[in-house]
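First up is the structure itself, then whatever we jot down about it.
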Ligand code: ATP
Ligand code: MG
């Protein structure tokens, strides 16, 4: 391809509104163009990279035995009502009113396709003989995200690979899940991503039923807890915490004191007013678990974890109580609840941190009043202690003696054992060997294809631009004649381009009549893995200069076998990615 014949609108300046490197670089390198918040055009270079990611995903899905189909973006709202997800998705679900002759039809633009695929299977599969099967597609999904941002990291319309497995037994589901998990590892490896599979909230099946594939990145919107020593990794909803030891010097207990805190109800306000640290306070949260109120105590500087609370209580549903309920059980307005002197005798669960607190500040169950000097065990005794909060940086690892670090990450993929939620809701049953009917056991598996690119760029760039692995690069090689007015340079560059093309290399010839400096800058910005420079001086010695984008120095090689050698390197690198990986390992030290 000739530069002059394609469309690469590169930019010198940082585009307005672009906050993170991947967004800045994708716009500057001419990969994408914003149409509105959350919707982007993929320009020719961006589309080439996207198609390469898509191709890797497809190859690995096929290799893992999944079967491709394509479902429509439009589906009837009734399907989403049947599974309760019209409600669950809320405003994220994009609904469109269609006029069909005399009827009005409400359709949904699919944010994912569990409903549609399960409905398909409900109609087309009836016997255990047709199972197991894993179906997948690569298609555009629509989500009215509250805050579409960070370029293509979070958009309202994006390309997802979504796969769904259908099995007759839990063992079968585990096999299907493992096949997808393995395929995900190969996909992200081939894409040159540095990723961590982390345990995620598992829903109804419990156990080890869900993993997210996370790319550590400063601007990631998700947080994981990670132990570098043993490799334990989980997202914050899920992360367990190791045994918590008491502090070395517990303050001596003191008498309880009632302190006025007019208008101060939050941890921040009260700690400011009383001059105490949030960690010396106890938050008393009133939850309603399966219809019954319960008090949950969390140290002031920590976050309650609703999933852990739900599991500890053995409840189906848990939610923070409404103000009326809080007032009823505490006898005080919201913000002044405390474990001492609750008006109603409700169960009190405390996080392990609370166990050793000797001089805590808590609400007094009276308006505008707090207690100081509250000692656990002396002034109140929780019914149970449990792990009820989110992991924090520096917490003990639950698997070894090291500590957990919190790391911001980008979620690029998710695998999930669904169980029978959708098959029950949509009557996707199979007849077993004995002719009895059972709901099909499902798994679902998603990858954000656009996010692969954004996550790669977010974590793999330098001050000059993007560093692509060969596997995803829009073009693998750029050929740059230094002087477009020097006939021999132009001829040699053109024939290198032609030969490389014939050898199956994705090659771009920068045939523009601009200064060499401009061409080099653009080549670095876009990040072609290999740059071949054809210059007058080099040609006098019969040489051209080659440079890998991620290496500091260039190398000269003879013109006559340049094309053969380059084609060989590129083919190798396309398959192994070993040069790229080695350079990344060096960069990370
Ligand atoms: P997030 O928590 O980031 O909103 P999610 O957990 O809702 O994502 P899933 O439903 O698990 O996403 O979708 C599967 C994959 O699709 C995600 O792992 C992610 O890579 C991608 N994805 C989800 N939402 C978006 C979006 N708005 N823009 C781009 N990619 C997305
Ligand atoms: Mg997810």
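Where a number appears in this text, it was derived from the coordinates with a stated rule and is not lab data. As the structure is a prediction and not an experimental result, all values here were calculated from the model. All Cβ positions, glycine included, derive from the backbone under ideal geometry; neighbour counts span all protein chains shown.
Taking the Cβ-Cβ separation of residue 551 and residue 320 as r and a Förster radius of 41 Å, what is the calculated FRET efficiency to the nearest 0.05?
Details: r = 54 Å, r/R0 = 1.33.
My answer for the efficiency is 0.15.
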Using Cα centres only, tell me the gap between segment 531-573 and segment 1-34 in whole Å. 27
Quick calc: nm separation of the 7 Å Cα→Cβ label points for residue 277 and residue 229 -> 2.2
Residues in segment 138-153, backbone N under 18 Å from the label point at residue 95 (7 Å along the Cα-to-beta-carbon vector): list them, ranges by number please. 142-146
Can you put 423, 169, 73, 578 in order, fewest other beta carbons within 10 Å first? 578, 169, 73, 423
For a quick check: sort 244, 565 by the number of other beta carbons within 10 angstrom, fewest at the front. 565, 244
Using alpha carbon positions and the Kirkwood radius, the Rg to Rh ratio of the chain is 1.06
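Assuming R0 = 45 Å, what is the FRET efficiency of residue 81 and residue 47, from their Cβ-Cβ distance, to the nearest 0.05?
Numbers: r = 36 Å, r/R0 = 0.81.
Given R0 = 45 Å and the Cβ-Cβ separation, E is 0.80.
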I'd like the FRET efficiency for residue 434 and residue 140, computed as 1/(1 + (r/R0)^6) with the beta carbon distance as r and R0 of 45 Å, rounded to 0.05. 0.60
At what distance in angstrom do the alpha carbon centres of segment 335-388 and segment 76-155 lie from each other? 45
Once you put a point 7 Å from the Cα of residue 488 and another 7 Å from the Cα of residue 4, both along the Cβ direction, what distance in nm separates them? 2.2
Those residues of segment 150-194 whose amide nitrogen sits under 16 Å from the label point placed on residue 585, 7 Å along Cα→Cβ: 189-190, 192-194
Listed with the fewest Cβ neighbours within 10 Å leading, 67, 296 appear as 67, 296
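Would you calculate a helix-derived [θ] at 222 nm for the chain, using -39,500 (n - 2.57) for each DSSP H run of n ≥ 4 and dividing by the full residue count, to the nearest 500? Let's see the in-between values first.
Details: 16 runs with 169 residues, N = 589.
Only helices count here, giving -8500 deg cm²/dmol.
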